[in-house]
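Remarks on the structure that follows.
The values are calculated or read from the model by the stated rules, or taken from the named source; none is laboratory data. Everything numeric here is computed off the predicted structure, so don't read it as measured data. Every residue, glycine among them, receives a Cβ derived from its backbone with ideal geometry; neighbour counts consider all protein chains shown. Keep in mind that these areas ignore ligands, DNA and RNA; they rest on the heavy atoms of the full protein, side chains included. Shrake-Rupley method; radii C 1.70, N 1.55, O 1.52, S 1.80 Å.
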Amino acid sequence: MKDIRTLSLEQLTDYFLSIGEKPFRAKQVYDWLWSKNLHSIDEMTNISKNLREKIAQEYTINPVSVDLLQKSADGTIKNGVKLHDGLLVESVLIPTETRTTACVSSQVGCSLNCEFCATARLKRMRNLEVAEIVDQVALIDRQSKLYFDRPLSNIVFMGMGEPMMNYKNVVEAIRKITQPEGLGMSPRRITVSTSGIPKMIKMLADEEVKVKLALSLHSAIEEKRNDIMPFSEKFPLTDIMEALQYWYSKTGSPVTFEYCVWGGINDTEEDIKALIKYCRKVPSKVNIIQYNPIGEGKFDHRSTKAEERYVSELTKAGITVMVRKSRGGDIDAACGQLANKSAE
Ligand code: SAH
């Protein structure tokens, strides 16, 4: 049976007209589905029982469900989220003093092959549906209210998958999350993180809905980046920069570069200089992300000394830089640790 959440408002309206119902029914149902995140046709209380039964004969709702909930000592909550076909993704709630951030997945597995990322070890199984992305957000919003007494404030597409490789559904989910008839969240509080696919960055820049953009850089030296993120051979750093400049010209929103520092890999003066040179080409800031070991030996040498050098030299060069502490490490919820156990 078809999931009613695959229908647009127009399609819902056509459906109600086709069964001799008033078009406003579509708006009512849409509101239950996308604003209230209701998962049962039978609970749509402003629709008559007869009509609810009629709808349920034709359509179903495939909600996601929490398969496993783990809490970290630092408050981070990791959800193993089960999809209707039994596959699992992970969605993480990250609380700080002032905000709650949802880290959501866009794909089951990932087709990219970043050597330092746990998700990359799984093959890409499939793209998430629009509703499966929105469900993760609604789920974490409920958890935020339940455990922290406040609504979700931010969303980052930094879970499993490459959002730009599931572009259509990610953008439609963002529309549903931000539109007043949906969850009504501010697009300024949503960050899409990408490994860098120039064409898609430009496409996102042209969308009406204006989100923030983060780029996983890790090295501004072409050969080095290709070594640790092999897929990037297809996307030279100059093409990525051109797309980022386009992004800034269209959105006025500075880019965040995500960067891990690994001893013996990108800890030299030359690495820092290359990063500074690259950053200067577009309004941007740098987030140094603490690496979370995934048992891939060559990345395991954390160098706080090198991190400090990055911070001091970037700052001297006038570039904003933050060191992002890792969260949820004790429950494998940290970046790159979101491996789908069922698929291993
Ligand atoms: N595919 C997207 C989003 C998912 S990864 C992207 O590449 O941006 C989210 C962030 O976590 C990226 O910056 C990624 O480079 C980083 N990351 C991946 N594995 C990590 C690890 N083991 N430790 C720290 N950060 C990691």
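Could you tell me how many of the residues in region 69-94 are away from the ligand (no atom under 16 Å from the Cβ), of a type in the set (S, T, N, Q) and modelled with pLDDT of 95 or more? Total meeting the criteria: 1. Is it the case that some residue within region 95-107 is within 16 Å of the ligand (Cβ to nearest atom), assigned by TED's automatic domain parsing to the domain that holds PRO187 and over 13 Å from the mean Cα position of the chain (by Cα)? No - not one qualifying residue is present in region 95-107. Scanning region 219-246 for residues being touching a helix residue (DSSP H, G or I) at 6+ places or on another chain (Cβ under 6 Å) and closer than 20 Å to ARG121 by Cα gives a total of 4. Right, VAL130: closer than 28 Å to SER35 by Cβ and either charged (D, E, K, R) or in contact with a Lys or Arg (Cβ under 8 Å, 6 or more places away or on another chain) (or both) or not? Here the answer is yes, as VAL130 does meet what is asked. Counting only residues that are within 16 Å of the ligand (Cβ to nearest atom) and of a type outside the set (Asp, Glu), region 241-263 holds 11 of them.
Looking only at residues that are buried (at least 22 other Cβ atoms within 10 Å of the Cβ) and in a helix (DSSP H, G or I) in region 145-168, which one is nearest to the ligand (Cβ to nearest atom)? Per the criteria, the residue is PRO163. Going through (1) within 16 Å of the ligand (Cβ to nearest atom); (2) part of a helix (DSSP H, G or I); (3) basic (Lys, Arg) one by one, LYS202 falls short only on (1). Does region 284-293 contain at least one residue that is in the same structural domain as VAL81 (by TED's automatic domain parsing), near the ligand (Cβ under 10 Å from one of its atoms), among the aromatic types (Phe, Trp, Tyr) and in contact (Cβ under 8 Å) with a residue 12 or more places away in the chain? Looking for residues that are in the same structural domain as VAL81 (by TED's automatic domain parsing), near the ligand (Cβ under 10 Å from one of its atoms), among the aromatic types (Phe, Trp, Tyr) and in contact (Cβ under 8 Å) with a residue 12 or more places away in the chain, one finds at least one in region 284-293, hence yes. Candidates are the residues of region 169-192 that are open to solvent by 10 Å² or more (accessible area, probe 1.4 Å) and either small (Gly, Ala, Ser) or within 12 Å of the ligand (Cβ to nearest atom) (or both); the one that is nearest to TYR248 (Cα to Cα) is THR191.
One residue stands out in region 38-60 among those that are among the hydrophobic types (A, V, I, L, M, F, W, C) and surrounded by fewer than 18 Cβ atoms within 10 Å (Cβ to Cβ): the one that is nearest to the chain's Cα centre (by Cα), namely ALA56.
Test GLU223 against the stated conditions and say whether it is surrounded by fewer than 20 Cβ atoms within 10 Å (Cβ to Cβ), without any contact (Cβ under 8 Å) to a residue 24 or more places away in the chain, more than 13 Å from the ligand (Cβ to nearest atom) and not aliphatic (A, V, I, L, M). Criteria met by GLU223. Inside region 205-230, residues that are over 25 Å from ILE155 (Cβ atoms) and either outside any loop (DSSP other than H, G, I, E, B) or within 16 Å of the chain's Cα centre (by Cα) (or both) make up a count of 8. Pairs meeting the criteria (first residue in region 148-171 and more than 12 Å from LEU128 (Cα to Cα), second residue more than 16 Å from the ligand (Cβ to nearest atom) and among the basic types (Lys, Arg), beta carbons under 7 Å, at least 6 apart or on different chains) are PRO151/LYS145; SER153/ARG99; SER153/ARG189; ASN154/ARG99; ASN154/ARG189; ILE155/ARG189.
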